[in-house]
Amino acid sequence: MGKIIAVANQKGGVGKTTTCVNLAASLAATKRRVLLIDLDPQGNATMGSGIDKYDVATTAFDLLVDEKPFDKVVVKDTVGKYDLIAGNGDVTAAEIKLMEFFAREVRLRSALAPIKDDYDFIFIDCPPSLNMLTVNAMSAADSVLVPMQCEYYALEGLTALMDTISQLASMVNPGLGIEGVLRTMYDPRNRLANDVSDQLKNHFGDKVYRTVIPRNVRLAEAPSFGAPAMYYDKSSPGAKAYLALAGEIIRRAEQK
């Protein structure tokens, strides 16, 4: 059974796209079948996968709005060796067009249903806002992975996200839950980071991944080269951290 994981946080700049690209590549490196869906109109996950967002023939728009067959929309030749549904500015138009449709909040779920079991993991890179694209992602997902920085404002944003997830679970996806909370851009020398980390562990318990993603210049540089960090500098702390996270996610999945 494939697992669909929405990577979401209403706060921007917390490492959602970095996590999607690098986690997808790390799991693909362990011979797992992985699909990444870029639902963010900025198209950063697409570019970070080595695919030019300005030059793709089809995007998530075609899947959600035009209902094109999956095999006509999927990109197979990413640098990270995972499959991709690309995103770019067209995805903004998809959000507007979706408002015209009946059952608009479950369009993505319906599109993924026939191919879900072709993959071990399907990751959805959500935009940093609660809009119809995010609602579609969470309607389709089995769970939500929440990347967050260990700072005060991030905690406030997390509270809002938990409210959103519980509301969506009650309305469109009763099985939706938290897959895990991932601490990103982590600096153990920072006292506030350690305090927030402790609060997270107290509140979410074992939902907080043991793996932490450090602040790492190689993670920041890799997208400009159109590659996940492990293909840009596999010895960097960031690349190693995402490989460790992939191992932790696999172990959790096997235990369940």
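The values are calculated or read from the model by the stated rules, or taken from the named source; none is laboratory data. Just so we're clear, the structure is a prediction, and the values are computed from it rather than from any experiment. Ideal geometry is used to build each Cβ from the backbone, glycine not excepted, and the neighbour counts take in all protein chains shown. These accessible areas exclude ligands, DNA and RNA; they are computed on the full protein's heavy atoms, side chains included. Shrake-Rupley method; radii C 1.70, N 1.55, O 1.52, S 1.80 Å.
In the complete set of protein chains, residue-level accessible area for ASP198 is approximately 80 Å², probe 1.4 angstrom.
Taking only C-alpha pairs under 8 Å that are 6+ residues apart, what is the relative contact order of the chain in percent? 26 percent. Compactness of the range 3-255 was expressed as the Cα radius of gyration divided by 2.2 N^0.38 Å, which yields 0.94. In the chain, helices alone account for a calculated mean residue ellipticity at 222 nm of -13000 deg cm²/dmol, with every DSSP H run of four or more residues adding -39,500 (n - 2.57).
Taking GLY43, GLY80, GLY175 in turn, the Gaussian network model of the chain (Cα-Cα springs below 10 Å) assigns the largest fluctuation to GLY175.
For the chain, the solvent-accessible area with a 1.4 angstrom probe is 45 square angstrom per residue.
What is the magnitude of the charge dipole of the range 3-255 about its Cα centre, with +1 placed on the Cβ of each Lys and Arg, -1 on the Cβ of each Asp and Glu, and no other charges, expressed in debye to the nearest 20?
Working: 28 positive and 31 negative charges, 154 e Å.
Dipole size: approximately 740 debye.
The residue among ILE250, GLY226, ILE178 whose Cα reaches farthest toward the positive pole of the charge dipole of the chain, with charges on the beta-carbon of Lys, Arg, Asp and Glu, is ILE250.
In this model, which of LYS31/LYS240; LYS207/LYS240; LYS53/LYS256; LYS234/LYS256; LYS201/LYS234; LYS76/LYS256 are farther than 25 Å apart at the alpha-carbon? Listed pairs above 25 Å: LYS53/LYS256; LYS234/LYS256; LYS201/LYS234; LYS76/LYS256. Screening the chain for DSSP H helices whose Cα atoms reach 15 Å or more along their own axis and whose mean Kyte hydropathy is at least -1.0 gives 16-29, 152-171, 191-204, 237-255.
Only protein atoms count toward the accessible area here, which uses a 1.4 Å probe; on the chain, the carbon and sulfur part of that area reaches 52 percent. Of all aspartates and glutamates in the structure, those lying under 14 Å Cα to Cα from LYS97, and not within fewer than 8 positions of it along the same chain, are ASP62, ASP66, GLU67, GLU105.
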